[in-house]
Amino acid sequence: MSGIGSSIGQPSALAIGLFFVFIAITMGITWWAARRTKSTEDFYAAGRSVTAGQNGLALAGDYMSAASFLGIAGLVAFNGFDGLMYSVGWLVGWPVVLFMIAEPLRNLGKYTFADVVAYRLKQTPVRIAAAVGTLSVVLFYLIAQMVGAGNLIRLMFGLDYETAVVIVGCVMLAYVLFGGMLATTWVQIVKAVLLLGGAAIMAILVLAKFGFNPIALFRAGAEKYGEGVLAPGSLVSNPWDTISLGLALMFGTAGLPHILMRFYTVPDAKAARLSVFYATGWIGLFYLLTFILGFGAMVLVGHEAIRAVDRGGNMAAPILAEVLGGEGFLGFICAVAFATILAVVAGLTLSGAAALSHDLWVSVVRKGRADPREQLLVARIATVLLGIVAIVLGITFKGQNVAFMVGLAFAIAASANFPALLLSVFWRRCTTAGTVASMVAGTSAALLLIWFSPTVQVDILGRSLADVLVTLKNPGIISIPFAFAVGIVVSLLTTDRAADEGFAGLSRRMVLGADEDRVPAIVAAPSRSGAAPVPAPAE
């Protein structure tokens, strides 16, 4: 283990070289994409030219974040099988996306999930509430990515943490400002291939030390740290916390703005469904690999050595890479992990910029009358603002475990976005007031419960656990049902004739897509008077 102390945190020539190779490749992609990004549709949706296979890899790239690679490996290394909760929770959210979200979203929307929620409702209040929820999710998710990125750059260059975070923010801004969604998509694809390859090589090297027998690896972990690493309870001992975290991870996937935004990059609903199918396979494989890496770090590296480098455990995988393959392999894995973070931060920033520019500026302030040049300018200004905020948040939350921070982002997504999306699309009785109330209640409840939870009050502010008002570490079990309940009750107490009459059109387009006017009129819903069906209006 002495080799760890001699290289971690010291400048690595190979790591720096690989870092610049990746930057050069992705900047080349950005230059290529910038030449093709001429319109708002190009900037936000890559001209809807991405294939299902490409989008599947890009979705996996968006999802396999710093929390997945760095955070889960650290959680498993410290807590054993309990760390698998995050992997399973994140993975099982994808069937929800496949069967309930992907096709309606692609058929109903244009650039953001707010397009779908506001489809038959009053635009201004819905888009304002949706933008607030989206930005809340994006900012929490950005915290995790920036913390992981800061630690990685510090590890590779020997720089201080704060300088490292600023560097990451500046590089990310270059991708989004000039290349838009097309550059972000291809950076995600390159990153996904590198990450899957790097994780697979590490997992094979770990298993090779145990005769390619995972049971022997788990047994070694139990011999070193006790049988508790093979049983639940070390990470989340409170059963309510367990359920709450599981709900947040499962339903949060269907509310993540940077994931939902990807369904607009494909040409049709079939490609959207296929891309989710491909993404689920890649992500499932990756989470199996990270589980092996976590136990490998536990056995081959040890808790003390991991904590000596980063008390949150985020550097467990890079340290394991050094143990397995020396400084050269460490440099490669650090460069891959950096690619992971940079791509996810770019996707998050793009979705946040879309909320600010498309949902707030274009749709609310300008009432849809902004010309394409103005829309692009506002989108790029919003990108710069979000980049600055990301840097500030990354510095503020130094030392937190990134998987845990992303768990909170999922709780906000599951509370703020998922209930409103489901109610507005699938429930005819849903009104504008009910949708807005659901989003406001879900966002507010999640943020308040997080603020008063041990996560902030104890871990960040250093208060005593006895003084904490809320004992739940993750608010999902309260905030998700609360958002649904508020949306349902307010909708039942209010009337919205336009929303009710617009449901038939929404249902047709949700199934048939934008070309519904080509379909015979018999598919349209009959009028309330019992007269013949009304033909679907031309787009």
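Every number here is computed from the coordinates shown, using simple stated rules; none is lab data. Bear in mind the structure is a predicted one, so any value in this text is a computation, not a measurement. Neighbour counts run over all protein chains shown; Cβ positions are idealised from the backbone, glycine included.
About the Cα centre, and with charges only on the beta carbon of Lys, Arg (+1) and Asp, Glu (-1), how big is the dipole of the stretch 293-395? Nearest 20 debye, please.
So the magnitude is around 540 debye.
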Problem set entry | Per-selection Rg to Rh, the stretch 87-232 - Cα, Kirkwood hydrodynamic radius | 1.07
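Can you put 88, 389, 486 in order, fewest other beta carbons within 10 Å first?
Ranked by crowding around the Cβ, least crowded first: 88, 389, 486.
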Exercise. Relative to the present Cα-Cα distance, how much length would full extension add between residue 512 and residue 13 at 0.36 nm per residue of separation?
Worked result: 174.1 nm
For this session: Only loop residues by DSSP count here, and only those with at most 15 other Cβ atoms within 10 Å; note down the trypsin sites (Lys or Arg not before Pro) in the stretch 462-507 that meet that.
Result: 463
For this session: Rank-order 278-287, 329-338, 69-78, 49-58 by packing density, defined as the average count of other C-beta atoms within 10 Å over each peptide's residues, highest first.
Result: 69-78, 329-338, 49-58, 278-287
For this session: Could you list which residues have their amide H under 5 Å from that of residue 37, counting only those 5 or more apart in sequence or on another chain, with H placed in the peptide plane?
Result: none
Problem set entry | Protection-proxy order for peptides 14-24, 242-252, each taking the mean of Cβ atoms within 10 Å per residue, highest first | 242-252, 14-24
Seminar exercise, completed: Projected onto the charge dipole of the chain (unit charges on the beta-carbon of Lys, Arg, Asp and Glu, signs +1, +1, -1, -1), the Cα from 370, 165, 210 with the largest positive-side position is that of 370
For this session: Report the charge-dipole magnitude of the chain in Debye, nearest 20, computed about the Cα centre from +1 at each Lys and Arg Cβ and -1 at each Asp and Glu Cβ.
Result: 1000
Seminar exercise, completed: Between the Cα axis of helix 432-451 and the main Cα principal axis of the chain, the angle (0 to 90°, nearest 10) is 20
Problem set entry | Cα-based helix-to-principal-axis angle, 239-252 vs the chain, degrees rounded to 10 | 60
For this session: Using only Cα atoms, tell me the angle between helix 13-36 and the longest principal axis of the chain; keep it within 0 to 90° and round to the nearest 10.
Result: 20
Seminar exercise, completed: When 204, 341 are ranked with the fewest other C-beta atoms within 10 Å first, the list becomes 204, 341
